[in-house]
């Protein structure tokens, strides 16, 4: 097969530019293969984060031709033939080097969400009983590989830089998995409203379309959480009762 | 002189997959200060790729199961080369370790009565693998990670250890660098737990990620610890073979557990042709019985596709070599055929094997609900590793502990699928607890800066080569191809002797390899440093494989194709000699206590 041009973002700490590389593309190749080929032949210090190369670890997130993708799961033959391919780091996080970004903010956010707190065991041997039908929904959320592509495309983070206030789709999914876990007894609704700013999400569904695990982030996780928050804090009947009784 | 930051912990855990996370949690629970070093980001370690499940005799699906059956299965699968104490503890403690995950938020697939569902797997007599579809490893690592972040553990992400530091014999810390800035970090700690995983990147075709460069094996060896069973490398029978860029990616054994069958180019289920004597009484002798087994019929015996991995891999190799392979050098793994037996088979397959469905759809344009997959053996796991005490997981060096894949003993000559995830939990916990105890009881560690400075200087040497030195990538690729060709799934004396010569030449080249750029997130530099570990483990594997002049478990020799009873009595130890060269020793396997021997006998029928 023919040689293809790759325009790869090179630089450090936000400063950088596209550098052109040409490399051979063979049958079945994915974008990460091309990056590795370039690394082995002419750019030994080209920084890229990757691990499993099988779409399971969520390390190699990048923007390929401007689209949020895992490099290991993006086949060359799904990109326009004969055209240069651009590869950039995720733009919603601080840049480290070349294709690598600092995603440590995500790890800090997760710690702020109240941890799983199960009800007492159902059986004397310390085990629980849950029906498959009751865990299907949570299992969908637990497919998340933490690639943070949903965070990367979320305009609240990417364009408005609300990292200090808003936890982003990944952690709304995480909170939903905890809130909808049949065994969990913790209440995270006030946190979601006051500290995690779930209200900032205006349901543009960019996160859902970016998810490589095809988790229906907006419909199955965020909207039900928003509804729970509304039921808890903005129910007009409850509000009226509270008003009449003179309570806040 | 290189600058470095000093960090102190009571227990330092190196590696943050299942074993490392479990060890860190266990150590932290005793109240000591714990540091957890991850070569990558937290939650990305190789455990995340495990698919099939975690073996534990909970008996939720078949109440005939018990720890005794699990123990006997593990020993039979390991060809009795196992550390029987570890096999005993593992079988006894695995159920509690799985239930503990549920208490920490794991959501396993369920039985109709709401308990943890268990599935069939190769070499396990009863359905025993707790699982979540085919993404069990992700569920496990995420559960441990999400629990660990609330335990006060200091996590060092994207930090790589280059050398252990010792006070006399005792390990008292480690020298490391961080990927982002390339700065050195000197850890001092009362005890160190190695949980670094395996060595798959020493081979060309592997299911393992880039991190799997035998760091723990090599760090321990250079600190004077014993390695054992290094000749026992597991080649998983079913890796993808096409297209080339995905060659080696794992296809879970769960496909066969759900009724998938292996066929050659003539359409024949060749596994029925070669059933080893010691498994004959447990194996179906016709296709109908095999199918009934996969569908939960307790009176049926398992199909030969679910024989142990070493055996299935060699049968596939034989079919390919004798010209009955698929177009790209594998055989066919067919799950689509179950539509002849089940209504809504396509939906069933997508529900039970979702990541396999997506993996083939996305990477190979193959719909596994309609089309057979092409598969072939891929380097998957090393049974051998650091020799540890079965109870405490301490190595032969004081203060140094090991757990998970980098430790040896539980699996003997061949690991059963599903026994790795439970291994991580059982022995990760034990290693963490005993390491914490050791750290509390021993005097505070004394770390001399001299050794740390020498380690840093040696690590920086690749930047200082004059002229235009060779880059490390080519050396690594050559090493991988060489090991695949000469010390791979079928071995023989002459080729392995040749491998030793080639290793010496590669080591020489590696010593002169150079890198460009600076120390910040520089993969060329990281590759140069990983290469040292790869060369050490490759030599250990080759020497041990030369020493074992028989075929057993994961170790197959063309020139000695049969098992030899004389080799059943010892493990092969590799350790560093006083002159710095690798020395071998045959270490007798201690006799098994009568009660365990009785279990083996009672389970033979």
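The values are calculated or read from the model by the stated rules, or taken from the named source; none is laboratory data. Values in this document were obtained by computation on a predicted structure and should not be read as measured data. Here the Cβ positions follow ideal geometry from the backbone for every residue, glycine too, while neighbour counts run over all protein chains shown.
Values for this structure:
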| quantity | calculated |
| --- | --- |
| Odd one out for residue A:93 among (1) closer than 17 Å to residue A:145 by Cβ; (2) more than 9 Å from chain B (Cβ to nearest Cβ); (3) surrounded by 22 or more Cβ atoms within 10 Å (Cβ to Cβ) | (3) |
| When residues of the range A:123-138 are limited to those that are more than 8 Å from residue B:110 (Cβ to Cβ) and touching a residue at least 40 places away in the same chain (Cβ under 8 Å), the one farthest from the other protein chains (Cβ to nearest Cβ) | A:137 |
| Flag for residue A:22 being over 16 Å from the mean Cα position of the chain (by Cα), more than 9 Å from every other protein chain (Cβ to nearest Cβ), in a strand (DSSP E or B) and surrounded by fewer than 20 Cβ atoms within 10 Å (Cβ to Cβ) | yes |
| Total residues in the range B:550-574, condition touching a helix residue (DSSP H, G or I) at 6+ places or on another chain (Cβ under 7 Å) and more than 14 Å from residue B:413 (Cα to Cα) | 2 |
| Search result, residues across the range B:254-274 that are part of a loop (DSSP other than H, G, I, E, B) and farther than 17 Å from residue B:301 by Cα | B:264, B:265, B:266, B:267, B:268 |
| Matching strands (runs of 3 or more DSSP E) fully within the range B:86-204 where at least 1 residues are farther than 22 Å from residue B:28 by Cβ and under 25 Å from the mean Cα position of the chain (by Cα) | B:159-167, B:170-178 |
| Leading residue by the ranking (modelled with the highest pLDDT) among those in the range A:53-63 that are closer than 29 Å to residue B:514 by Cβ and facing chain B (nearest Cβ under 9 Å) | A:59 |
| Criterion violated by residue A:121 - all others in (1) in the same structural domain as residue A:201 (by TED's automatic domain parsing); (2) surrounded by 15 or more Cβ atoms within 10 Å (Cβ to Cβ); (3) closer than 23 Å to residue A:192 by Cβ satisfied | (3) |
| Index of the failed condition, residue B:133 passing every other in (1) closer than 21 Å to residue B:250 by Cα; (2) more than 8 Å from every other protein chain (Cβ to nearest Cβ); (3) out of contact with any strand residue (DSSP E or B) (no Cβ under 6 Å at 6 or more places or on another chain) | (2) |
| The range B:432-465: number of residues that are more than 29 Å from residue B:183 (Cα to Cα) and touching a residue at least 40 places away in the same chain (Cβ under 8 Å) | 6 |
| The listed residue being within 21 Å of residue A:178 (Cβ to Cβ), touching a helix residue (DSSP H, G or I) at 6+ places or on another chain (Cβ under 7 Å) and facing chain B (nearest Cβ under 10 Å), out of A:144, A:154, A:150 | A:144 |
| Residues of the range B:226-244 satisfying the condition of being outside any strand (DSSP E or B) and crowded, with 24+ Cβ neighbours inside 10 Å | B:229, B:230, B:231, B:232, B:241 |
